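*Asks:* Please read through the structure below; I'll follow up with questions.
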């Protein structure tokens with residue numbers, strides 16, 4: 001695990017976005033979550049339609065399902081945990097002058113279960129969720145139309161590829 005965690009610090013993107021992290025105890029301390037968050041956030045920004053953003057910050061919280069359930073109930077009216085929540089601090093038109101782009105919050109239990117269901121390491125799935133959440137901070141949406149969802153998925157795929165992660169939306173058919 002140590003070797004894999006070190007790889008997250010290898011992203012060479014041009015993003016000058018600060019990434020502040022808070023990691024709760026349930027997240028495996030052997031993984032460098034702050035480095036993973038920096039790589040994922042920088043990859044998302046560098047591959048987005050806002051690649052020139054700089055002098056801004058994203059706050060990332062790796063926390064429990066219980067905390068995400070509370071946030072989800074308070075802010076979205078949904079009483080249950082979800083894998084990732086994003087809290088943008090600026091609308092898309094105000095991103096260039098925003099000091100804080102927003103907060104991204106990941107739920108450990110949901111993330112771990114989804115990673116196991118997809119047969120991928122939790123840090124790979126967490127990186128995907130961080131890219132996804134960061135794109136929401138940048139104004140990307142997937143719930144309004146199929147076209148918007150395709151743009152967001154394509155951008156996620158490019159961002160993940162830039163940090164060595166396969167496109168989670170690419171499905172290959174296996175012939176019997």
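The values are calculated or read from the model by the stated rules, or taken from the named source; none is laboratory data. Values in this document were obtained by computation on a predicted structure and should not be read as measured data. Counting neighbours? That spans all protein chains shown, and the Cβs are built from the backbone with ideal geometry, glycine included.
*Asks:* Evaluate the range 32-55: report whether one residue or more is more than 16 Å from residue 162 (Cβ to Cβ), modelled with pLDDT of 95 or more, part of a loop (DSSP other than H, G, I, E, B) and over 16 Å from the mean Cα position of the chain (by Cα).
*Replies:* Scanning the range 32-55 turns up no residue that is more than 16 Å from residue 162 (Cβ to Cβ), modelled with pLDDT of 95 or more, part of a loop (DSSP other than H, G, I, E, B) and over 16 Å from the mean Cα position of the chain (by Cα).
*Asks:* Please verify whether the range 109-125 includes one or more residues that are in contact (Cβ under 8 Å) with a residue 40 or more places away in the chain, in a helix (DSSP H, G or I) and surrounded by fewer than 16 Cβ atoms within 10 Å (Cβ to Cβ).
*Replies:* The answer is yes; a qualifying residue exists.
*Asks:* Okay, moving on. Filter the range 89-104 down to residues that are surrounded by fewer than 23 Cβ atoms within 10 Å (Cβ to Cβ), touching a helix residue (DSSP H, G or I) at 6+ places or on another chain (Cβ under 9 Å) and in a strand (DSSP E or B), then give me how many there are.
*Replies:* Adding up the residues that qualify gives 2.
*Asks:* While we're on this one: So, in the range 131-169, of the ones that are out of contact with any helix residue (DSSP H, G or I) (no Cβ under 9 Å at 6 or more places or on another chain) and closer than 18 Å to residue 95 by Cβ, which residue ends up modelled with the highest pLDDT?
*Replies:* Going through the qualifying residues, I end up with 151.
*Asks:* Every residue in the range 22-37 that is farther than 15 Å from residue 108 by Cβ and either crowded, with 24+ Cβ neighbours inside 10 Å or touching a helix residue (DSSP H, G or I) at 6+ places or on another chain (Cβ under 7 Å) (or both), please.
*Replies:* Step one: list which residues in the range 22-37 are farther than 15 Å from residue 108 by Cβ, which gives 32, 34-35.
Scanning the range 22-37 gives 32, 35.
*Asks:* Can you pull out the residues in the range 56-88 that are part of a loop (DSSP other than H, G, I, E, B) and more than 16 Å from residue 128 (Cα to Cα)? Don't jump to the end; show me each part of the working.
*Replies:* At the first step, the residues of the range 56-88 found to be part of a loop (DSSP other than H, G, I, E, B) are 64, 77-83.
If the condition is that a residue be part of a loop (DSSP other than H, G, I, E, B) and more than 16 Å from residue 128 (Cα to Cα), then 64, 77, 78, 79, 80, 81 are the ones that fit.
*Asks:* Does the range 147-164 include one or more residues that are over 18 Å from the mean Cα position of the chain (by Cα), more than 19 Å from residue 41 (Cα to Cα), without any contact (Cβ under 8 Å) to a residue 24 or more places away in the chain and not in a helix (DSSP H, G or I)?
*Replies:* The first filter runs over the range 147-164 and keeps only residues over 18 Å from the mean Cα position of the chain (by Cα), leaving 147.
If we keep only those that are more than 19 Å from residue 41 (Cα to Cα) too, we end up with 147.
Keeping just the survivors that are without any contact (Cβ under 8 Å) to a residue 24 or more places away in the chain gives 147.
In the following step, the residues that additionally are not in a helix (DSSP H, G or I) were identified as none.
Checked the range 147-164: no residue is over 18 Å from the mean Cα position of the chain (by Cα), more than 19 Å from residue 41 (Cα to Cα), without any contact (Cβ under 8 Å) to a residue 24 or more places away in the chain and not in a helix (DSSP H, G or I).
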